[in-house]
Amino acid sequence: MAASRLRSIGAANPAAAASRSDEEQLLDNLRAGKITRAEYYDAMVELGLAHLQGRVPADQLDVVRERMREEIETNPVLIRMVADATGESTSR
């Protein structure tokens, strides 16, 4: 029973694959210096909120956007993950 649930969780989802591709492209652009870290953060927040567009009032979406952006910039774990992914040092 648990094995069947694991298989269903791991099933390929075309929407998830497209999203992952967008994320990989953004990371490649960041690594190549085509976008700044701030632009990368903004784009990742927008990708994360895409599924809420049209479902959540704009003013509420703005609040969530601001909180997500703040979290990305200040959470040491997230900062480290981006630095590791790009090969950058976390010291600023």
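The label-point distance for residue 58 and residue 22, in a model that sets each label 7 Å from Cα toward Cβ, rounds to 2.0 nm. Computed 3J(HN,Hα) for the range 56-63, one whole-Hz value per residue from the Karplus formula 6.51 cos²θ - 1.76 cosθ + 1.60 where θ = phi - 60°, is 10, x, 4, 5, 5, 5, 4, 5, glycine and proline marked x.
Near the amide H of residue 35, within less than 5 Å, lie the amide hydrogens of 30, all on another chain or at least 5 residues away, with H placed in the peptide plane.
In sequence order, the range 26-39 has phi-based couplings of 4, 5, 4, 5, 5, 4, 7, x, 6, 10, 7, 4, 4, 5 Hz under the Karplus curve 6.51 cos²θ - 1.76 cosθ + 1.60, θ = phi - 60°, and Gly or Pro positions carry x.
Between residue 69 and residue 50, the modelled label-to-label distance comes to 1.9 nm, taking each label 7 Å out from Cα in the direction of the beta carbon. If the segment from residue 88 to residue 39 were pulled out straight at 0.36 nm per residue, it would be longer than the present Cα-Cα gap by 16.0 nm.
For the range 73-78, backbone phi angles converted through the Karplus equation (6.51, -1.76, 1.60; θ = phi - 60°) give residue-by-residue couplings of 6, 10, 6, x, 5, 5 Hz, Gly and Pro being listed as x. Note on the range 30-92: the C-alpha convex hull projects to 4.7 nm² when averaged across all orientations.
Bear in mind these aren't lab numbers, they're just calculated from the coordinates by the rules spelled out. Being a predicted model, the structure only gives us computed values, none of them experimental. Cβ coordinates were reconstructed from backbone atoms using ideal geometry, including for glycine residues, and neighbour counts include every protein chain displayed.
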